[in-house]
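The values are calculated or read from the model by the stated rules, or taken from the named source; none is laboratory data. In this text the structure is predicted, and so the values were computed from the model without any measurement. As a convention, Cβ positions derive from the backbone with ideal geometry for all residues, glycine included, and neighbour counts pool all protein chains shown. Accessible surface areas use protein heavy atoms only, side chains included; no ligands, DNA or RNA. Shrake-Rupley method; radii C 1.70, N 1.55, O 1.52, S 1.80 Å.
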Amino acid sequence: MASNQVRVRFAPSPTGFLHVGGARTALFNFLFAKKLKGTFVLRIEDTDEMRSSDQSTLQIFESMKWLGLSWDEGPDPEDPAKSKGPHAPYFQMQRVDLYRKHAEELKAKGVLYECYCSEEELDADRKHAMLEKRPPRYSKRCRHLTDEQKAKAQAQGRKAVYRFAVPTDQEVAFDDIVRERVVFPADQLEDFIVIKSSGGPTYNFCCVVDDHLMEISHVIRGDDHISNTPKQVLLYKAFGWQPPKFAHISMILGADGSRLSKRHGATGVMDFREQGYLPYAVVNYLALLGFATTDSQDIFDTDKGWDMLVEKFELERCQKSPAVFDYTKLTWMNGIYIRRLSKDQLLDAVRPYLTGAAAPVSQLKEFVALEQEKYQLLSDAPKLLDFFFTETYAYRWEELKALKIEGLEQVYQELEAECAKLVDFSCAAIEQMLKGLAKRLGKKNAHVFHPLRFAVSGRLQGPSLFHMAEALGKDKVISRLKRLALERVAAGIS
Ligand code: GLU
């Protein structure tokens, strides 16, 4: 591999659904790789056996697929338990031999030491530190144990963890593409655990080994990991490896300034899908979040491909300050993307929300599209088109009353009779029939059109009346006129 080749990775832990924060990290890695013609790696960090699950792993794949974030190396999308790429496997649990080998290497270098402190002792230390208003860091009690002390601890049945002996006299600093120079004074770092008492390696250790072996050039991740980075820098140094470049992107907060959580609304990528967002809208919104463009209102052509977004994307322009997730703006963007869909695309997109629509697809397509301007969410479809899915839609009586149509009763009787007579129940024939009726009754067209619209949809706003009547068909239109006649009497409107 050429040393200047860009290789980035997204490394989720499959301990739950893919949060929008994680999705944004994935997106930024993906865009960065695309922009610099690099490689985007997906690595599954599943070493937390208690909390990791196959279900979460599959949900992460599905979320990324939905967003269009395809990876060049990583789990094989065709057969997710397998890996595809020159550095396979990409599941950490399948790489434990590699970690073991590298842990031995560090032990041999003398930078790790055994620690036999029990949970109770560590807990007591933490409480003590807090009482003294000191940060709760490991006391280094075991740093210089003699062989006899170790043997004694072992004889007591204690199991050792291996800690990294952090140099006490040096600060750890690194350059960050977003946060610039980041410095951790030596006294802010504790001797962190590298190997757990179970023999399993910790996140920081696996991460460094993998990022090195997978030849990762840039680590782009959320800045909740910033306190891990000095530990990782120390590990690189101990191995004698060159660290990658780092970019820590800001957190996503809710409107109240706390970290975005369920309390604020949807947070899982799949929740957004379920609620009726289009993937392009979510991608577009996430891209703008914390990423200042000169025209930050931009709607990118993400539905047509990645080019525009890739062109605009610059890691250097990511803001240091946290980004606030604005559901209203995302929903507004979603409406814009919905309006851009073709009739076929719209129908496909809203179909999951239209369960119970007993209408032929050809008719449905026209209907769904007729209200296209009004959608904010795909899930608005049943609400916008309830009269098309149920015979028990509600009537907005106040709208009909406000029209103050003279002789409404007669208009309705005539409408029913004319519809019954009409053989060709097509859009054009319906229009002609209604106009003829208005003329015959000496009324404005609107005073015939509106009552029919009201009868078939329960409201005065909606899709083109003639199309709607044609799509519903003669029988339904007549039965709806009959239903209205009954309900109108009950509502006292004549
Ligand atoms: N598995 C870590 C997480 O999900 C990855 C952190 C990293 O990118 O280094 O937060």
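So which residues in segment 435-456 are closer than 27 Å to Glu371 by Cα and either small (Gly, Ala, Ser) or free of Cβ contacts under 8 Å to residues at least 24 places away in the same chain (or both), if there are any at all?
If the condition is that a residue be closer than 27 Å to Glu371 by Cα and either small (Gly, Ala, Ser) or free of Cβ contacts under 8 Å to residues at least 24 places away in the same chain (or both), then Lys435, Ala438, Lys444, Asn445, Ala446, Phe449, Arg453, Ala455 are the ones that fit.
Sort out which residues of segment 1-19 are within 11 Å of the ligand (Cβ to nearest atom) and under 16 Å from Glu215 (Cα atoms), and write them in order of number.
First pass over segment 1-19, keeping only residues within 11 Å of the ligand (Cβ to nearest atom): 8-16, 18-19.
Of everything in segment 1-19, those that are within 11 Å of the ligand (Cβ to nearest atom) and under 16 Å from Glu215 (Cα atoms) turn out to be Val8, Arg9, Phe10, Ala11.
Which members of segment 194-220 meet the condition of being farther than 21 Å from Arg43 by Cβ and in contact with a helix residue (DSSP H, G or I) (Cβ under 9 Å, 6 or more places away or on another chain)?
Step one: filter segment 194-220 for residues farther than 21 Å from Arg43 by Cβ, giving 197-199.
Residue satisfying the conditions is Gly199 alone.
Could you tell me whether any residue of segment 67-84 is closer than 30 Å to Leu278 by Cβ, out of contact with any strand residue (DSSP E or B) (no Cβ under 8 Å at 6 or more places or on another chain), small (Gly, Ala, Ser) and open to solvent by less than 40 Å² (accessible area, probe 1.4 Å)?
So far as segment 67-84 goes, yes, one or more of its residues are closer than 30 Å to Leu278 by Cβ, out of contact with any strand residue (DSSP E or B) (no Cβ under 8 Å at 6 or more places or on another chain), small (Gly, Ala, Ser) and open to solvent by less than 40 Å² (accessible area, probe 1.4 Å).
Please find, among Arg459, Arg483, Arg488, the residue that is in contact (Cβ under 8 Å) with a residue 12 or more places away in the chain and under 23 Å from Lys374 (Cα atoms).
Within the list Arg459, Arg483, Arg488, the selection yields Arg459.
Report, by residue number, each residue of segment 92-112 that is among the acidic types (Asp, Glu) and touching a residue at least 24 places away in the same chain (Cβ under 8 Å).
Answer for segment 92-112, where residues must be among the acidic types (Asp, Glu) and touching a residue at least 24 places away in the same chain (Cβ under 8 Å): just Glu105.
Filtering segment 25-44 down to residues that are open to solvent by 10 Å² or more (accessible area, probe 1.4 Å) and part of a loop (DSSP other than H, G, I, E, B), which residue is farthest from the ligand (Cβ to nearest atom)?
Lys37
I'm checking my understanding of the structure. Among residues of segment 246-269 that are open to solvent by 20 Å² or more (accessible area, probe 1.4 Å), among the hydrophobic types (A, V, I, L, M, F, W, C) and more than 15 Å from the ligand (Cβ to nearest atom), which one is farthest from Phe192 (Cα to Cα)?
Among those residues, the one meeting the criterion is Ala255.
For segment 113-137, which positions are in contact with a strand residue (DSSP E or B) (Cβ under 9 Å, 6 or more places away or on another chain) and assigned to a loop (DSSP other than H, G, I, E, B)?
Tyr116, Cys117, listed by residue number.
Yes or no: Gly22 assigned to a strand (DSSP E or B), within 16 Å of the ligand (Cβ to nearest atom), at pLDDT 95 or above and crowded, with 22+ Cβ neighbours inside 10 Å?
When the stated conditions are applied, Gly22 does not pass them.
Report those strands (runs of 3 or more DSSP E) wholly inside segment 156-227 carrying at least 3 residues which are among the hydrophobic types (A, V, I, L, M, F, W, C). Walk me through it before giving the result.
On the way: elements: 161-164, 172-176, 180-184, 193-195, 218-222.
So the answer is 172-176, 180-184, 193-195.
Report whether or not Arg95 is open to solvent by 70 Å² or more (accessible area, probe 1.4 Å) and either of a type outside the set (A, V, I, L, M) or under 29 Å from Arg43 (Cβ atoms) (or both). Outline the logic, then answer.
On the way: open to solvent by 70 Å² or more (accessible area, probe 1.4 Å): no; either of a type outside the set (A, V, I, L, M) or under 29 Å from Arg43 (Cβ atoms) (or both): yes.
The answer is no for Arg95.
Out of Val194, Val183, I need the residue that is of a type in the set (Val, Ile, Thr), surrounded by fewer than 14 Cβ atoms within 10 Å (Cβ to Cβ) and away from the ligand (no atom under 14 Å from the Cβ). Which one?
Just one listed residue meets the conditions, Val183.
Since Asn284 meets every condition but one in (1) more than 30 Å from Leu122 (Cβ to Cβ); (2) among the polar types (S, T, N, Q); (3) part of a loop (DSSP other than H, G, I, E, B), which condition does it not meet?
Against the list (1) more than 30 Å from Leu122 (Cβ to Cβ); (2) among the polar types (S, T, N, Q); (3) part of a loop (DSSP other than H, G, I, E, B), Asn284 comes up short only on (3).
Of the numbered conditions (1) closer than 18 Å to Val41 by Cβ; (2) surrounded by fewer than 18 Cβ atoms within 10 Å (Cβ to Cβ); (3) away from the ligand (no atom under 11 Å from the Cβ); (4) not aliphatic (A, V, I, L, M), Pro243 fails exactly one; give the number of that condition.
All conditions are met except number (2).
Any idea how many residues of segment 197-224 are more than 24 Å from Ser83 (Cβ to Cβ), within 16 Å of the ligand (Cβ to nearest atom) and open to solvent by 40 Å² or more (accessible area, probe 1.4 Å)?
Residues that pass the stated criteria total 1.
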